[in-house]
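Notes for the one structure printed next.
Since every read-out is calculated from the coordinates, none of them should be taken as a lab result. Small disclaimer: the values here were computed from a predicted structure and weren't measured. In this analysis, Cβ positions are derived from the backbone assuming ideal geometry, glycine residues included, and neighbour counts consider all displayed protein chains.
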Amino acid sequence: MVIMLALIKRIRALTSNTEYSALVLSMLFLTCSPVALAQQAVVVANESVDTTSLTQSELRQIFTGHKQYWRDGEKIHVVVLEDVHTLHKAFCRENLQMFPYQLSRLWDQLTYSGQGVTPTRVSSQEALLKMVESTAGAIGYADIDKIKNEQIIEVREQ
Amino acid sequence: MNKQVFVWFLRAVLLAASSSMVMAQEEPKFSWHGYIAQGLTQSIDGNFITEDNNITGELSEVGINGHYRLSNNLSVAGQVVYLDAGNRFEKGTRLDYLFVDWTMPDVAGWQAQVHIGRFKNTHWLYSVTRDVPQTRDTTVLPQSVYFDGFRDIALGSDGLQAKFKKYSTDNIWEVNWSYGRSPLNDAQRDFFLGDDAKGSIEQDFVHQASAFWQPASMAWRVGVSWLESDFGYKAAEVDNRLDGGASIRRLMFSMQYFSEKWQLSTELVRELQEYDGLFAPDYVDRLTGEGGFVQFRYLFNNRFSGLIGYDTYVNNDNDPNGDALEISTGGLVPSYFGYMDTVTVGARWDISPRWRLQAEHHWVDGAARVVSLLDPSIRDHSQEHWRMWSVQLMYWF
């Protein structure tokens, strides 16, 4: 997955033509792993975020509300889909190794005890990407084929 | 806390919310959330919630909170709640928390946060959001650990709290420490010393520490906590009690496990209580209570889940059946006030992402947590076997 993300970033850097880029990406993924793609979420961030990669531990800290600022001091704004959304379930399971209800429980504990701010929840990937695009410091996730101009964050094991 | 404080807090929240809306594309400095829950409840053959086996709507919980970010490492957070739970604790509006949150620079990979002000107890599994209905597995929490009679002093303190966390590839370590005190109301004084007490009771201090371990997936959470607290009583001019004090030392073990289809929570408590004066000039008493609970929740699907639980507590580990208690009081206090065992069955329906309906039924054997052992009419407050139930609809935002 890490190698594939690096390839995606490289291709995106080489071309500013979105349609061409999407076509190349689709071909690449169709060739590599068409089955895995359906449930695989890619982490995206607003263009103001200067971080291009995160460890799994850092990703988990961000999405559980325990890391609230980027390295440059900018506030992190987490955007997620509702618990029942298939992609949210896949993201929790594959990227966070958690279950959606576990995550909701953690956020409620932070939000209603004054220890943090709950993420913004949206009901569709389109709304999520729009929110990430328009909010400084935002981070979210989406199916690779839904991504247009958002910055992709590479997630590495360590 | 009175209505004016609640209105003041609400105005502050709404004012800050409106001022934060002018910032369009950046993370707002201010955020606010809340919840409202209303239910029906009844206790049968015991006065724990209602008297005369009445069904009541006295199961209301309302809360509104605000979080304002002053800078990258400093924020202020506060929450006001209104609670009505029948006889379980005093009805009214309370300042739940109001503290300054200071995030300190990381040291050797440890993240540190300091809370100054009125903060929540973060040392037990449910203590940090005990009043937030959608965060609890049951409306009435297991009384061995979350005893409603001492709810206000167990919930939080005025003082200082420090939290330390370390994330590694495989583990998460969390260490919490707090020192403070809580004001005690008359209801808590009466539970402690009986209705005859007319003087003033104060908590001198409460000192708590806890440590938790989790694997990186957070599937497990295992920890231990320690509490130490002293109380002082100053008798009124006309009073059936004398000046004196009490101290409590509590050791707890906590564990949670989360799986895709089920979750398990358990806590064990051992509590040493010491009394000095209060009832006679040279009165000294020392006893150890112990107990714990286990709760199992099964998630049938995204919307429906069921729960079964068992909770047990004895006031005095040397007298688990309460026989010595009955003999020492000349039969005034029946033996079943020395222990309390509860079997719970519950169901939950998540109607939509912010709406939930939760129902539960408890079958109880014993009455150790129903009423103060010093109540002169204690026998009238509960039979040996009694039960309670509740249905609560909740909404949060």
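To the nearest 0.05, what FRET efficiency results for B:SER217 and B:ASP365 with a Förster distance of 45 Å applied to their C-beta separation? Calculated transfer efficiency: 0.75. When DSSP beta bridges are restricted to pairs lying wholly in region A:39-156, around 50% turn out antiparallel. Estimated from the Cβ-Cβ distance and a Förster radius of 51 angstrom, the FRET efficiency linking B:ILE327 and B:ASP52 is about 0.95. Based on Cα contacts under 8 Å between residues 6+ apart, chain B shows a relative contact order of 13 percent. When the P(r) of region B:51-153 is calculated, the portion above 20 Å amounts to 49% of the C-alpha pairs. Counting other Cβ atoms within 10 Å as a rough exposure proxy, the listed residues B:TRP32, B:TRP220 run B:TRP220, B:TRP32 from fewest neighbours to most. Applying 0.36 nm per residue to the separation of B:ASN240 and B:VAL76 and subtracting their alpha-carbon distance, the gain on full extension is 54.6 nm.
Computed with the Debye formula from one identical point scatterer per Cα of the protein assembly as shown, without solvent, the log10 of I(q)/I(0) at q = 0.07, 0.11, 0.13 Å⁻¹ comes to -0.45, -1.02, -1.36. Extending 7 Å from Cα along the Cβ direction at B:ARG249 and again at B:SER200 yields two label points whose distance is 3.0 nm. Quick one: compute a quarter of the convex hull surface over the Cα atoms of region B:271-397 and quote it in nm². Projected area, direction-averaged: 10.1 nm². Only one residue of B:ILE49, B:PRO353, B:TYR298 has its Cα farthest out toward the positive end of the dipole of chain B, where Lys and Arg carry +1 and Asp and Glu -1 on Cβ, and that residue is B:PRO353. Using only Cα atoms, find the angle between the long axis of helix B:3-20 and the longest principal axis of chain B, and express it within 0 to 90 degrees, rounded to the nearest 10. Rounded to the nearest ten degrees, it is 20. Amide hydrogen proximity for A:ASP143: with H placed 1.01 Å from N in the peptide plane, the residues at 5 or more positions away or on another chain lying under 5 Å are A:VAL42. Ordered by the number of other Cβ atoms lying within 10 Å of each residue's own Cβ, fewest first, A:THR86, B:THR122, B:THR329 fall into the sequence A:THR86, B:THR329, B:THR122.
Estimated from helical segments only, the mean residue ellipticity of chain B at 222 nm is -2500 deg cm²/dmol, where each DSSP H run of four or more residues counts as -39500 (n - 2.57).
Note on B:ALA347 and B:LYS91: the extension gain reaches 89.5 nm, defined as 0.36 nm multiplied by sequence separation minus the Cα-Cα distance. Extension gain, B:GLU384-B:PHE300: 0.36 nm per intervening residue step, less the Cα-Cα distance, totals 26.8 nm. The Rg/Rh ratio for region A:39-156, using Cα coordinates for both the radius of gyration and the Kirkwood hydrodynamic radius, is 0.92.
By the count of other C-beta atoms within 10 Å, a proxy for reagent exposure, A:ILE76, B:ILE55 are ordered fewest to most as B:ILE55, A:ILE76. Dipole magnitude for region B:269-390: computed about the Cα centre from +1 point charges on Lys and Arg Cβ and -1 point charges on Asp and Glu Cβ, it is near 1080 debye.
For chain B, the share of alpha carbon pairs falling in successive 10 Å distance bins from zero is 5, 20, 31, 28, 12, 3, 0, 0 percent.
For region B:180-326, relative contact order (Cα pairs under 8 Å, six or more residues apart, normalised by length) works out to 15 percent.
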